[in-house]
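See below for the structure under consideration.
None of the figures in this text is laboratory data; all of them are computed from the coordinates on show. Computed from a predicted model, the values in this text were never measured in an experiment. Heads up, the Cβs are rebuilt from the backbone with ideal geometry, glycines too, and the neighbour counts pull from every protein chain shown.
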Amino acid sequence: MTDKLLIVDDEQDVRDFAANFFRKRKIDVLTASNGDEAVKTVISEQPKVVLLDIKMEGMDGIEALAKIRELNKQIKVIMVTGKNDEETKQKTKEMGAADYIHKPLELDELEKVVLKLFK
């Protein structure tokens, strides 16, 4: 598995912002705009880390997390949400999420969490 980062968010500006940030750090970045795209990209590209928004139309981040875990338990998944919801945080941790961060994305926190999982 190569060091690829998959950024999954239904907001184009969030995807672009995070993708540009990590490309400047020499990380190979892939993007997806929804859960279905994320699962297809995981199958075809086998990223090492996935930054996965929870709230999306169609397949949400929790459903996508379940499918990603079925496909490959080695992939590290960081859940992203706009609200501090302890119940959802606990549920995603139990499902195998590696970490959990909040929007708006703070670059220092984002960089620290993602780079830690690439080591």
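Only Lys, Arg, Asp and Glu carry charge here, each on its Cβ (+1 for the first two, -1 for the last two); on that basis the chain has a dipole of about 660 debye about its Cα centre. With the charge dipole of the chain set up from +1 on Lys and Arg Cβ and -1 on Asp and Glu Cβ about the Cα centre, the Cα lying farthest toward the positive end among the listed residues THR88, ALA64, LEU107 is that of LEU107. Relative to the Cα centre, the charge distribution of the range 52-97, modelled as +1 at Lys and Arg Cβ and -1 at Asp and Glu Cβ, gives a dipole magnitude of about 240 debye. Of all aspartates and glutamates in the structure, the ones whose alpha carbon falls short of 12 Å from that of LYS83, not counting any fewer than 8 places away in one chain, are ASP53. Here the sum of -39500 (n - 2.57) over DSSP H runs of 4 or more residues, divided by the residues of the chain, equals -14000 deg cm²/dmol at 222 nm, to the nearest 500.
Cα centroids of the range 62-119 and the range 33-60: 12 Å apart.
Considering only LYS24, LYS91, LYS40, the mean-square fluctuation computed in a Gaussian network model of the chain, springs between alpha carbons under 10 angstrom, is largest for LYS24.
Computed extension gain for ASP36 through LYS112, at 0.36 nm per residue and net of the alpha carbon distance, reaches 24.6 nm.
Using a cut-off of 20 Å between Cα atoms, the listed pairs LYS26/LYS55; LYS24/LYS89; LYS4/LYS55; LYS24/LYS119 include LYS26/LYS55; LYS24/LYS89; LYS4/LYS55 as exceeding that distance.
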